[in-house]
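The values are calculated or read from the model by the stated rules, or taken from the named source; none is laboratory data. Just so we're clear, the structure is a prediction, and the values are computed from it rather than from any experiment. Here Cβ is always computed from backbone atoms with ideal geometry, including for glycine, and neighbour counts include all displayed protein chains.
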Amino acid sequence: MGAQLRIYRRRIRSVKATKKITRAMELISASRIVKAQNRVSASTPYANELTRAVSAVATFSNTKHPLTTASENPKRAAVLIITADRGMAGAYSSSAIKEGDGLIAYLRERGLEVNTYLVGRKAVNYYKFRNRQIKNSWSGFSDNPTYANAKEVSDELISAFIADAQTDINGVDELHIIYTEFVSMITQNPLTKRMLPLEVVESEATPPTGLLPMYEFEPNAGDVLNALLPRYIESRVFNAMLQSAASEHAARRRAMKSATDNAEDLIKSLTRLANAARQAEITQEISEIVGGADALSSSNSGSE
Amino acid sequence: MNSLKVELVSPEKRVWSGEATQISARTLDGDLGILPGHTPLLGVLVDGLVSIKGVDGTISEFNVHGGFLSVAKDRVSILGESTD
C-alpha cells in the first residue's frame, strides 16, 4: 500500500471515530431536551399559583416591601448570567455571555457599578481568563438544576438586594438576570430580565381568572408578602435555570448534529481521494509492469 | 355536597390534585381546617403535615416544609417549598 493511500485511510478512521462520538452526544442531548422540557412544564403549576397569590396580595394591600421599592438613587446593580458547565454546545454560552457584556456596558453607562454573579463553568472561565471581577459563582448543575440550586442562588441575590447599596459593598439596588429562553428545538434566545425591584408579571400560561376575590390574610398581609416574595424570586430564578438547561441541550444537540454531518462530508471526500490514490497506484504499477516487460522484450529482441 | 378543588404543588412538580372534602394544614397562626365554602384566604404555612380528605374518603398526608395556602371559591392551592 502506498504512503498516500495509507495517510488517507488513517484520516478516514479518525474522522469516523469522531463522528461516532458526536453522534452519541447528539442522541444523548436529544433525549435530555425532552426531559428538560418536561421539567419546565412540571414547574409551571407552582409558578402560576405563586403569581396568582402575589398579585392577590399586591392588589388588596398597600403594603410596601423592600423587594418592590426601587431605590431613588441607584448605585450598584447585580447581574446574574446563566451559562453551561460544559462546551460542545455551539454558541450557547458565548451568546449569553455576550448579552451580559451588553447589559453590563449599558448599566455602566447609567453610572452604576456592576456586581456579577455567574452560573456555569463556561462563564466563570471566560471571566477568570479576562481577569474580571466575579462576585460569586455557582457551577456543576447547569444541565440539571434543582430547586435547591435556585434557592441557594436567589438567597444570596435577595440578601444583596436587601443590604443597603450606599453603605454595604455587597449591596445592590437592581438585579438583572440573563438566561437563554427555550423557544423551540431550533430557536433559543438569550434574554435579559430585570428581577428586582420586583414587578409582578402575570405568566402567559395563567388562565383568565376574572376578578380576584377579597382575601383574608393569615397572619396579615405584610407577613404573607414577606414570605411570598422571596419564593416568587426563587421560582423565577428556577424557571430561568430550567429554561437555560433545556436550551443548553437543544444547542448541544444542534452543534453535535452539524458536527456529525460535517464528519460525514469529510469521510465522503476523503474516501474519494483515497480511491483516486489507490487507482493511481494501480495505474502506476501496471505501467511499471508494462514498461518493464517492454524493456525486457526489446532487450531480448536486440540480442537475437 | 360541595367539594374543594385542590392542588398541592411543589416547585418541581404537581404533587396531588383532585377533589377533596376537607383539608387541614398548619399556618403561622395555628392549625387550620378548610371545608367547602371557606372564605378566601392566603396563609403562610409552617413545617408540618397537610392532610387532604378526598371525595372518596381517603386521607392523604404530606409533609410540607414552608409554603403557602390559598383558598378562593372552593379552589385550594397549597404551595410547598418541598413536600414528601
Hey, among the residues in segment A:54-69 that are within 11 Å of another protein chain (Cβ to nearest Cβ) and aliphatic (A, V, I, L, M), which one's nearest to the chain's Cα centre (by Cα)?
A:V54
Sort out which residues of segment A:22-53 are of a type in the set (V, I, T) and more than 10 Å from chain B (Cβ to nearest Cβ), and write them in order of number.
A:T22, A:I28, A:I33, A:V34, A:V40, A:T51
Out of the residues in segment A:79-128 that are assigned to a helix (DSSP H, G or I) and aliphatic (A, V, I, L, M), which is nearest to A:T180 (Cα to Cα)?
A:A96
Every residue in segment A:214-230 that is at the interface with chain B (Cβ under 7 Å from one of its Cβ atoms) and touching a residue at least 40 places away in the same chain (Cβ under 8 Å), please.
A:M214, A:Y215, A:F217, A:V224, A:L228
Starting from segment A:35-56, take each residue that is buried (at least 20 other Cβ atoms within 10 Å of the Cβ) and list its partners that are part of a helix (DSSP H, G or I) and of a type in the set (V, I, T), counting only C-beta distances under 9 angstrom and pairs at least six apart or across chains.
A:A53/A:V224
Kindly indicate the residue of segment B:18-37 that is within 11 Å of B:S3 (Cα to Cα) and in contact with an Asp or Glu (Cβ under 8 Å, 6 or more places away or on another chain) and also surrounded by the fewest Cβ atoms within 10 Å (Cβ to Cβ) among those meeting that condition.
B:G37
Is it the case that B:G54 is surrounded by 14 or more Cβ atoms within 10 Å (Cβ to Cβ) and either more than 7 Å from chain A (Cβ to nearest Cβ) or among the aliphatic types (A, V, I, L, M) (or both)?
yes
Report yes if some residue within segment A:67-78 is within 30 Å of A:H176 (Cβ to Cβ), in a helix (DSSP H, G or I) and of a type in the set (A, V, I, L, M); otherwise report no.
no
Please specify each residue of segment A:89-115 satisfying the condition of being among the small types (G, A, S) and closer than 30 Å to A:A255 by Cα.
A:A89, A:G90, A:A91, A:S93, A:S94, A:S95, A:A96, A:G100, A:G102, A:A105
Of (1) closer than 29 Å to A:A255 by Cα; (2) surrounded by fewer than 22 Cβ atoms within 10 Å (Cβ to Cβ); (3) more than 14 Å from chain B (Cβ to nearest Cβ), A:Q188 satisfies all except one. Which?
(2)
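Per-residue answers, yes or no, for (1) closer than 17 Å to B:G67 by Cα; (2) free of Cβ contacts under 8 Å to residues at least 12 places away in the same chain:
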| position | (1), (2) |
| --- | --- |
| B:K5 | no, no |
| B:V9 | yes, no |
| B:E12 | yes, yes |
| B:T21 | no, no |
| B:R26 | yes, no |
| B:S51 | yes, no |
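Considering only segment B:57-78, state which residues are charged (D, E, K, R) and within 14 Å of chain A (Cβ to nearest Cβ). Walk me through it before giving the result.
The initial filter retains those residues of segment B:57-78 that are charged (D, E, K, R), namely B:61, B:73-75.
Selection gives B:K73, B:D74, B:R75.
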Could you tell me which numbered condition A:V34 fails, if it satisfies all but one of (1) touching a helix residue (DSSP H, G or I) at 6+ places or on another chain (Cβ under 8 Å); (2) at pLDDT below 95?
(1)
Only unsatisfied item for A:N131, checking (1) assigned to a loop (DSSP other than H, G, I, E, B); (2) surrounded by fewer than 20 Cβ atoms within 10 Å (Cβ to Cβ); (3) touching a residue at least 12 places away in the same chain (Cβ under 8 Å), is (3)
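Does A:N136 meet the test of being under 24 Å from A:I33 (Cα atoms) and surrounded by fewer than 18 Cβ atoms within 10 Å (Cβ to Cβ)? Talk me through it step by step, then tell me what you get.
Details: under 24 Å from A:I33 (Cα atoms): no; surrounded by fewer than 18 Cβ atoms within 10 Å (Cβ to Cβ): yes.
Here the answer is no, as A:N136 does not meet what is asked.
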For B:G37, which of the numbered conditions (1) facing another protein chain (nearest Cβ under 9 Å); (2) on the phi > 0 side of the Ramachandran plot fails to hold?
(1)
So if I check each of A:T146, A:T180, A:T167, A:T116, which one is surrounded by 19 or more Cβ atoms within 10 Å (Cβ to Cβ) and without any contact (Cβ under 8 Å) to a residue 40 or more places away in the chain?
A:T116
Restricted to segment B:1-34, and to residues that are outside any strand (DSSP E or B) and away from chain A (no Cβ under 11 Å), which residue is nearest to A:R231 (Cα to Cα)?
B:S3
